[in-house]
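Have a look at the structure below before the remarks.
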Amino acid sequence: MNIQNQLSGMAIMVLLFILFFRQKRVGLYIEQAFVRTLVITMACVILDILSVIAIYYKDRIPEVVLVLSCKGYLASLPWVGFAANTYITVDTYSEKNSRKRVKLYSLCTLALNIVVFLLPIRYHVENKSIYTSGPAVTYTYIVVLVYLAGMLWLLKKYGSRIERKRKRAVVIWLGLWLAAAVAQMYFNNRILLAGLACGLGLLVIYCSLENPENNIDYRFGCFHYHALISYLDQCYERGQSQGLIYLQIVDDQQHLEQEYVDRCMYKIIHFLKDFPKAKIFKGIEHELAIIFPDMTYMSKTFTKLQDTFYYNQFYNVDAVGAEEFPKTLFMLFPNTGLMNSTEEIMSVRRHLLMENRNIISSHVCYVNEHMLKQIRHADVIREKIVKAMDEDRVEVFFQPIYAVKEQEFTSAEALVRIRNKDGSLLSPGQFIPVAEESGLISVLGERVFEKVCEFLQINSPKKTGIHYIEVNLSVIQCQQRFLADRFMDIMNRYGTEPWYINLEITETGSVSAKNTLLENMNKLIEKGVSFSLDDFGNGQSNLDYMIDMPVAIMKLDMNMTQAYFKDLKAKFVVQAIIKLAHELDLFVVAEGVETKEQLEEMTALNVDYIQGYYFSKPLPAEEYLQFLSAHRK
């Protein structure tokens with residue numbers, strides 16, 4: 001019996017079957033489609049072997065058994081084509097549409113099978129070769145070729161949706177199958193290659209695409225980030241809600257060694273293996289995502305996780321000693337159905353990471369409807385900021401600053417404003433916090449600086465009487481190594497004299513950020529730029545900064561100025577601060593002055609500059625120029 005090729009193909013598929021099911025799987029629909037293809041193909045090869053045996057012993061078995069064996073094998077070949085076509089549609093259609101096509105292709109294949117059982121077939125035993133021929137065989141080969149043509153059409157039509165690796169594997173599979181079909185049909189029907197070709201094709205697909213190890217992060221033995229995205233996408237497509245915990249080891253100072261972080265994460269992963277219903281995914285950098293079938297199971301697991309690693313802050317590393325577990329941010333999503341998509345989950349995750357980047361100990365965030373409403377609102381504002389920058393609807397308003405000694409308005413603070421499409425202004429209280437949390441404040445701040453330089457280029461400071469314009473630097477900008485170079489490039493582009501620029505800074509968190517800021521300040525000061533210490537008295541700036549940093553101006557925060565008139569203790573503090581600033585040869589600006597009485601008292605304290613609504617609110621550029629003209633002596 002010439003069944004060597006079939007047995008070889010069968011051996012390959014049995015090996016694939018064992019390898020596939022002995023490994024950890026994510027549970028994706030594409031995995032189910034591969035299993036369906038593998039099972040159908042194995043059944044086809046088994047029927048092929050049985051048909052050869054039946055023909056070999058045709059004189060010893062009933063005719064009906066012989067016919068059913070041979071035609072059963074022929075009928076199974078279109079089912080392999082069905083499996084192959086539905087496997088491709090999994091990658092090109094949604095799961096819902098793929099399931100519809102599975103039903104449609106099943107009905108078509110059943111109808112084609114009826115014809116196979118109606119057509120005649122002949123059996124041949126020649127020397128060591130056993131094969132079939134006749135109308136039923138020819139018809140079956142034609143049907144198989146039609147299925148192959150359909151697969152080629154799908155590849156051509158939807159090739160752009162199929163990743164390159166998948167497309168290459170499917171083409172190889174098709175090529176092997178087509179070569180076997182053509183060889184049997186037109187060259188030598190005694191050589192039974194279909195089973196071996198199918199086995200080799202599935203081997204190529206398994207190694208390239210469907211090996212469950214392709215979804216594993218080898219360092220930690222759990223699923224990787226791309227598997228997480230695929231699984232969440234599938235859950236949303238199916239309308240399934242899950243419990244999700246994002247666990248982020250926080251290293252805001254970048255002091256933790258990678259080996260230590262990896263060891264901590266491995267400990268957590270090893271602990272979670274005692275919870276078989278939890279799916280563990282390695283996220284980006286120091287991050288794990290754990291998915292649970294429901295909120296109850298998630299709560300139970302999280303409680304034990306906290307009890308093991310965080311309420312008891314030490315765990316044994318080896319026989320020698322122990323080490324403290326690092327601070328960790330837990331983001332709990334009790335019901336992923338509250339979000340609309342995987343993208344929204346990732347958006348919420350990014351928002352929480354930014355909001356809690358400076359936590360000083362392990363912290364838990366529960367994602368509920370109220371939080372989602374706030375985050376969605378922030379996303380809307382962020383989109384407005386991006387569109388405003390793209391469409392040049394970012395404007396600079398100027399709040400005049402009064403010089404007490406000159407008794408003139410010699411400077412102004414540049415304040416960013418965003419103009420909506422309908423001409424109204426977006427409240428700074430809405431977009432500034434969002435820009436800071438999302439990191440857009442850096443781009444926005446640079447845009448403001450550029451517009452200030454453009455303003456000074458168009459409106460000569462010598463003619464307008466402007467001594468300098470104050471521009472705010474965000475904390476993020478202060479941490480940028482190449483800030484000074486970028487700002488000098490902008491000033492050179494607009495021909496701005498550096499001494500017309502005063503940059504306002506606030507306190508930064510880390511020592512490294514402070515050193516970076518100091519380097520930038522020294523570079524810009526060498527060119528003639530001056531600096532102010534902004535928001536002094538509101539907790540963002542302290543005496544260390546006033547002493548350590550090379551600033552020329554200290555700005556009393558509006559709240560501190562107002563406190564001076566309401567609280568006796570604050571009055572003494574403000575007086576002491578102004579005296580200290582003058583002894584350090586710093587000029588003092590009092591922000592938030594709103595009445596004539598406040599102006600007179602601040603003047604009596606020898607404050608150098610006054611800024612506030614008593615003189616003017618922030619004004620658009622044209623109105624600011626008109627204001628200067630009207631108040632010029």
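Of the listed requirements (1) at pLDDT 95 or above; (2) open to solvent by less than 40 Å² (accessible area, probe 1.4 Å), Lys387 misses just one: (2).
Suppose the filter is in a loop (DSSP other than H, G, I, E, B), within 19 Å of Ile553 (Cα to Cα) and over 33 Å from the mean Cα position of the chain (by Cα); does Ile401 pass it? Taking the combined requirement at face value, the residue does not satisfy it.
In region 457-507, of all residues being under 36 Å from the mean Cα position of the chain (by Cα) and free of Cβ contacts under 8 Å to residues at least 24 places away in the same chain, the one that is nearest to Val551 (Cα to Cα) corresponds to Phe482. Consider Ile130 carefully, then state whether it is within 19 Å of Val67 (Cβ to Cβ) and touching a strand residue (DSSP E or B) at 6+ places or on another chain (Cβ under 8 Å). Here the answer is yes, as Ile130 does meet what is asked. Within the option set Leu228, Leu244, being assigned to a helix (DSSP H, G or I) and either touching a helix residue (DSSP H, G or I) at 6+ places or on another chain (Cβ under 8 Å) or open to solvent by less than 20 Å² (accessible area, probe 1.4 Å) (or both) holds for one residue only, Leu228. Being surrounded by fewer than 16 Cβ atoms within 10 Å (Cβ to Cβ) and of a type outside the set (Val, Ile, Thr) is a description that applies to Tyr613.
You will find that of Ala552, Ala581, Ala621, the residue that is small (Gly, Ala, Ser) and more than 21 Å from Pro461 (Cα to Cα) is Ala581 and no other.
Which residues, taken from region 28-48, are free of Cβ contacts under 8 Å to residues at least 40 places away in the same chain and either of a type in the set (Gly, Ala, Ser) or buried (at least 19 other Cβ atoms within 10 Å of the Cβ) (or both)?
Of region 28-48, the ones free of Cβ contacts under 8 Å to residues at least 40 places away in the same chain are 32, 35, 39, 42-43, 46-47.
Residues satisfying the conditions are Met42, Ala43, Leu47.
Got a sec? Which of Phe281, Phe271, Phe325 is touching a helix residue (DSSP H, G or I) at 6+ places or on another chain (Cβ under 7 Å), modelled with pLDDT under 80 and of a type outside the set (Gly, Ala, Ser)?
Every option except Phe325 fails the conditions.
Rundown of residues vs (1) out of contact with any Asp or Glu (no Cβ under 7 Å at 6 or more places or on another chain); (2) touching a residue at least 24 places away in the same chain (Cβ under 8 Å); (3) crowded, with 16+ Cβ neighbours inside 10 Å, yes/no style:
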{"site": "Met546", "(1), (2), (3)": "yes, yes, yes"}
{"site": "Met549", "(1), (2), (3)": "yes, yes, yes"}
{"site": "Lys555", "(1), (2), (3)": "no, yes, yes"}
{"site": "Met558", "(1), (2), (3)": "no, yes, yes"}
{"site": "Leu584", "(1), (2), (3)": "yes, yes, no"}
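Being among the polar types (S, T, N, Q), open to solvent by 10 Å² or more (accessible area, probe 1.4 Å) and modelled with pLDDT under 90 narrows it down to one residue among Asn335, Asn316; which is it?
Result of the check over Asn335, Asn316: Asn316.
Looking across Val434, Val380, one residue alone is surrounded by 14 or more Cβ atoms within 10 Å (Cβ to Cβ) and either at pLDDT 95 or above or not in a strand (DSSP E or B) (or both). It is Val434. Residues that are in a helix (DSSP H, G or I) and in contact with a Pro (Cβ under 7 Å, 6 or more places away or on another chain) occur in region 8-21; there is at least one.
Among the residues of region 61-110, those identified as open to solvent by 30 Å² or more (accessible area, probe 1.4 Å), assigned to a helix (DSSP H, G or I) and among the β-branched types (Val, Ile, Thr) are Val64, Val65, Val67.
The values are calculated or read from the model by the stated rules, or taken from the named source; none is laboratory data. The structure displayed is predicted, hence computed values, not measured ones. All Cβ positions, glycine included, derive from the backbone under ideal geometry; neighbour counts span all protein chains shown. The accessibility values were calculated without ligands, DNA or RNA, using every heavy atom of the protein model including side chains. Shrake-Rupley method; radii C 1.70, N 1.55, O 1.52, S 1.80 Å.
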